[in-house]
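The values are calculated or read from the model by the stated rules, or taken from the named source; none is laboratory data. None of these values were measured; they are calculated from a predicted model. All Cβ positions, even for glycine, are placed from backbone atoms using ideal geometry, and neighbour counts span all protein chains on display.
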Amino acid sequence: MTVPMAILAFLEDRPAHGFALKQRYDGLLGHERELKSGQVYSTLARLERDGLTRGVEIERGEGPDRRVYAITDSGVAELEHWLRTPHAANARPTELFTKVVLALVSGREAGPLLEEQRAVYLKRMRQLTAARHDGDVVDRLAGDYEIAHLEADLRWIELAAARMSDVASRIHGRAEGMP
Amino acid sequence: MSAVLSGHGLGLAFGPTTVLHDVDIALDPGEIVAVLGASGSGKSTLLHVLAGLLRPDAGSVELDGRRIDHLADRERSELRLRRFGFVFQLGDLVPELTVVENVELPLRLTGVARRLARSQAMEILADLAVADVAARRVNEVSGGQAQRAAVARALVHRPAVVLADEPTGSLDTVTGELVLEAFVRAARAVGTAVLLVTHEARVASWASREVQLRDGCVVAPATTS
Ligand SMILES: Nc1ncnc2c1ncn2[C@@H]1O[C@H](COP(=O)(O)OP(=O)(O)O)[C@@H](O)[C@H]1O
Ligand SMILES: [Mg+2]
């Protein structure tokens, strides 16, 4: 979903050819995952078919000719709609939650696995914090996003550790068919 | 590298309650170490013992390899003034003075000339984005501004050791980072060792390592391999 929307945003800023779009995507949003050229061209073809972009000129230069694209009014409307539609708050407890429950069900302690996970998260957070001093402001914003999520995970680990004995007795109550 | 400040086998009880038990901790020059732990785990008490404000019942505190926990009060105050910077959890700026007068204090008390003290104090207040309230009395600034003034005062005389108790506790994330950046700068530029007490992982992630306290004991770190 974000690749077509990124292309629309770049084109609203200024018309461009496929290769320039790929470079801009990689520079701003790539973060360890570059866009494949094939995906750029197939996305451009789809956007044009749907009337969201159009070819405006052929740029001639060294190497193959390059088609330059621009955004259409429907393209602008589509981008505006996507940007302004908040996504649902649908975070579900993840694998760590499952591991904690299953550790307790199987009669183990969950404390050690929480502590090990915590160490991994803290280590990653420290790496991200250190990297913030090097990157530019966009990289920094991406790092901040991950740091904020790690912070939430660590807070959950703290809560889970504090409530572990209550949770354990509840789970064993359930397993034995008690309310 | 040898530690600038270290505590060995520290123990302390308030009446029947053991608050610190056999705590070992060491800080190298230029190192930032986070002390993490739940409320009541003994973080502030440890800091006060290392600072020489509380005498431990057991163990010793060394500065540059020299024992300081059994020095006379006057000698300890002198050391605190010259070699340490403190940011206390409850704040302890002098309310009758302005913000900048508070920050100048460690310099003025050690004989630095008025003009030089003023310019160094203003420089660090600017780093912490509170230069605009420098001329106000402490009770006329916000809690977050007072906290940054306390950080400025702790760093202004380029101490060997800074002991900071929840120094970002009343700051938002962005302003808190100004404080953490100031610690990093001090550590890199003049080799200040920083002990950073916090209960927030985000803040701890600015340190190069962490020491975790639980019920007054140091918890062995989990392996991360
Ligand atoms: N002056 C004191 N007298 C008695 N008990 C104290 C005193 N100061 C702290 N404590 C107790 O010592 C324990 C550790 O306190 P503290 O070091 O302030 O913890 P933290 O800073 O980690 O929240 C707490 O149980 C606290 O109630
Ligand atoms: Mg405390």
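Just one of the listed residues (B:Ala164, B:Ala126, B:Ala146) is away from chain A (no Cβ under 14 Å), assigned to a strand (DSSP E or B) and among the hydrophobic types (A, V, I, L, M, F, W, C), namely B:Ala164. If the condition is being outside any helix (DSSP H, G or I) and either at pLDDT 90 or above or buried (at least 18 other Cβ atoms within 10 Å of the Cβ) (or both), then region B:90-103 contributes B:Leu93, B:Val94, B:Pro95, B:Glu96, B:Leu97, B:Thr98. Screening A:Leu113 against (1) more than 28 Å from B:Glu210 (Cα to Cα); (2) touching a Leu at 6+ places or on another chain (Cβ under 9 Å) leaves a single unmet condition, (1). Restricting attention to region B:191-225, and to residues there that are hydrophobic (A, V, I, L, M, F, W, C), more than 16 Å from ligand 1 (Cβ to nearest atom) and surrounded by 14 or more Cβ atoms within 10 Å (Cβ to Cβ), which single residue is farthest from B:Leu128 (Cα to Cα)? Taking the candidates together, the pick is B:Ala222. Could we say that A:Arg108 is outside any helix (DSSP H, G or I), at pLDDT 90 or above, of a type outside the set (Asp, Glu) and over 20 Å from the mean Cα position of the chain (by Cα) here? Against the criterion (outside any helix (DSSP H, G or I), at pLDDT 90 or above, of a type outside the set (Asp, Glu) and over 20 Å from the mean Cα position of the chain (by Cα)), A:Arg108 does not qualify.
Looking across region A:103-115, the residues that are exposed (fewer than 14 other Cβ atoms within 10 Å of the Cβ) and either facing chain B (nearest Cβ under 9 Å) or of a type in the set (Ser, Thr, Tyr) (or both) come down to A:Ser106, A:Pro112. The residues on offer are A:Val138, A:Val167, A:Val120, and the sole one that is of a type in the set (A, V, I, L, M), in a helix (DSSP H, G or I), more than 8 Å from chain B (Cβ to nearest Cβ) and more than 18 Å from the chain's Cα centre (by Cα) is A:Val167.
Do we find that B:Arg76 is away from ligand 2 (no atom under 16 Å from the Cβ), closer than 25 Å to B:Ala189 by Cβ and modelled with pLDDT under 90 in this structure? The answer is no for B:Arg76.
The residues on offer are B:Gly37, B:Gly15, B:Gly42, B:Gly11, and the sole one that is more than 18 Å from the chain's Cα centre (by Cα), in contact (Cβ under 8 Å) with a residue 40 or more places away in the chain and within 16 Å of ligand 1 (Cβ to nearest atom) is B:Gly11. The residue pairs whose first member lies in region B:53-80 and is without any contact (Cβ under 8 Å) to a residue 24 or more places away in the chain, whose second member is basic (Lys, Arg), and whose beta carbons are closer than 7 Å, counting only pairs six or more residues apart or on different chains, are B:Ile68/B:Arg76; B:Asp69/B:Arg55.
Scan B:Leu81, B:Leu54, B:Leu97, B:Leu105 and give me the residue that is more than 14 Å from chain A (Cβ to nearest Cβ), within 16 Å of ligand 1 (Cβ to nearest atom) and either farther than 27 Å from B:His199 by Cβ or touching a His at 6+ places or on another chain (Cβ under 8 Å) (or both). Within the list B:Leu81, B:Leu54, B:Leu97, B:Leu105, the selection yields B:Leu54. Residues in region B:34-60 that are more than 16 Å from ligand 2 (Cβ to nearest atom) and either part of a loop (DSSP other than H, G, I, E, B) or touching a Lys or Arg at 6+ places or on another chain (Cβ under 7 Å) (or both): B:Gly52, B:Arg55, B:Pro56, B:Asp57, B:Ser60.
The set of residues in region B:81-129 being closer than 22 Å to B:Arg185 by Cα and acidic (Asp, Glu) consists of B:Glu104, B:Glu123, B:Asp127.
Number of residues in region B:159-178 that are modelled with pLDDT of 95 or more and more than 16 Å from ligand 1 (Cβ to nearest atom) equals 4.
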